[in-house]
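Please treat every number below as a calculation from the coordinates, not as lab data. No experiment lies behind these values; they were computed from the predicted model shown. Here the Cβ is made from the backbone with ideal geometry for all residues, glycine too, and neighbour counts use every protein chain on show.
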Amino acid sequence: MNDKEIGEKRGVVKMTVNIRRRRLGLKANAGGRLFTDQQLIELHEQGLNDREIGEKLGAHESTVSTHRRRLGLKAHGPRRLFTDQQLMELYDQGLNDREIGEKLGAHTLTVHIHRRRLGLKANAGGRLFTDQQLIELHEQGLNDREIAEELGVPKSAVKYRRKRLGLKANAGGRLFTDQQLIELHEKGFKDQKIADRLGVSRSTVSWYRRRLGIEPNRPRIKRQRFLELYERGLNDPEIAAALGVATGMVYAYRKRHGYVTNWNKPLFTDQQFLVLYEKGLRDSDIADELAVSKITARSRRRKLGLKSHGHKRLFSDQQLIALHRKGLNDREKAERLGASEGAVFYHRKRLGLKPSTRKR
């Protein structure tokens with residue numbers, strides 16, 4: 001018995017048996033044979049290969065291979081699933097390697113190897129239609145895609161056969177006339193909008209427009225409207241958003257007419273800022289009035305050397321003192337004054353008032 005079988009008998013793992021056997025200086029026994037040499041020779045003489053013999057005998061292919069070589073027997077290659085005659089008959093029908101493989105139950109590569117061995121050139125797609133059928137449909141003005149749909153074959157197969165027959169491609173069936181395209185173009189529609197109206201792709205419209213020698217309609221920037229936005233201090237992206245055009249178009253228009261960028265132009269004057277500051281507005285309120293960010297307003301205030309206005313008080317010191325004398329605690333004062341408890345606590349501490357100990 002081999003190590004595995006001894007282990008199963010003794011109820012131990014194979015590794016334990018292996019270690020003990022080697023310590024005792026014993027050589028390993030080969031695994032129990034599942035077949036005799038006579039059985040292997042008989043199956044080999046039937047022309048079976050190692051894999052098929054292994055399946056018959058319930059043994060691994062490598063085991064069969066080892067014993068076959070020991071017996072000095074040559075290996076049989078994998079058995080052919082088809083004859084050369086079968087392959088040639090299907091080849092003459094115009095089938096390609098994949099289709100022949102499906103018919104014969106063999107791999108495409110196997111068919112490919114045997115076809116080349118026989119000196120046969122590869123067929124293009126299976127001959128599912130005749131040259132006459134293709135010519136008739138082509139003469140009707142159908143394009144490759146439409147012919148492919150009629151014949152139930154791939155477009156590439158039709159294209160290959162058409163080129164082999166020396167036929168020029170028919171243009172795709174037009175879903176619109178040149179006149180329709182021209183009329184929509186004259187209304188000022190861009191290619192995408194024309195395509196939406198005609199139910200075709202934008203690239204199709206673009207191709208026919210170029211063929212007719214028509215320039216694309218592009219959105220135009222009106223000078224008066226541009227100047228209004230530019231003088232308000234808007235930058236290129238803001239002007240583009242207001243005009244509904246691309247930023248690059250505004251940039252090109254501004255450069256072409258010699259206008260400098262508004263990126264560094266102040267969005268408001270110091271005078272405008274001072275007027276609002278003197279009203280007692282905080283940075284955030286000034287920012288809302290001038291339509292700028294709070295950071296911009298704060299930066300300008302610091303640049304002018306002005307102190308920040310604190311948050312607006314919702315109550316006076318006198319109101320707080322009056323409520324404190326009534327014995328209200330901070331939370332009750334906050335509810336009366338409509339302020340936060342933290343604000344009441346801060347101002348009470350500032351005024352040196354002790355917290356109320358009255359229980360409700």
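List of remarks:
- Most fluctuating residue given options LEU24, LEU276, LEU243, as computed from a GNM of the chain linking Cα atoms under 10 Å: LEU24
- Within the range 228-288, the trypsin sites (Lys or Arg not before Pro) that combine a DSSP coil assignment with at most 15 other C-beta atoms in a 10 angstrom radius are ARG232, LYS279.
- Positive-pole candidate from GLN46, THR36, ILE6, dipole of the range 1-65, charges at beta carbon: ILE6
- The convex hull around the C-alpha trace of the range 1-145, projected and averaged over every direction, spans 15.6 square nanometres.
- Spatially proximal aspartates and glutamates relative to LYS14 (Cα-Cα < 17 Å; intrachain offsets below 8 disregarded): ASP3, GLU5
- Among SER65, SER316, SER201, residue whose mean-square fluctuation peaks in a GNM of the chain (springs only between Cα atoms under 10 Å): SER316
- Projecting the Cα atoms of ILE221, ALA322, LEU234 onto the charge dipole of the chain (Cβ charges, centred on the Cα centre) puts ALA322 farthest toward the positive pole.
- Under the shape rule built on the C-alpha gyration tensor, where the axes satisfy a ≥ b ≥ c, the chain is oblate, since a/c reaches at least 1.5 while a/b does not exceed b/c.
- Within the listed set LEU320, LEU26, LEU90, the residue fluctuating most in the Gaussian network model of the chain (springs between alpha-carbon atoms under 10 angstrom) is LEU26.
- For ARG145, the shell of other residues with beta-carbons less than 13 Å away shows a net charge of -1, using +1 for Lys and Arg and -1 for Asp and Glu.
- Normalised contact order of the chain, rounded percent, pairs of Cα under 8 Å and 6 or more residues apart: 5
- The ranking of ILE100, ILE19, ILE6 from fewest to most other beta carbons within 10 Å of each one's beta carbon is ILE19, ILE6, ILE100.
- Dipole in debye (nearest 20) - the chain, about Cα centre, beta carbon charges: Lys, Arg +1; Asp, Glu -1: 2920
- Debye, to nearest 20: dipole size of the range 111-167, +1 on Lys, Arg Cβ, -1 on Asp, Glu Cβ: 660
- Cα gyration tensor, the range 172-212 - rounded (a/c under 1.5), prolate or oblate: rounded
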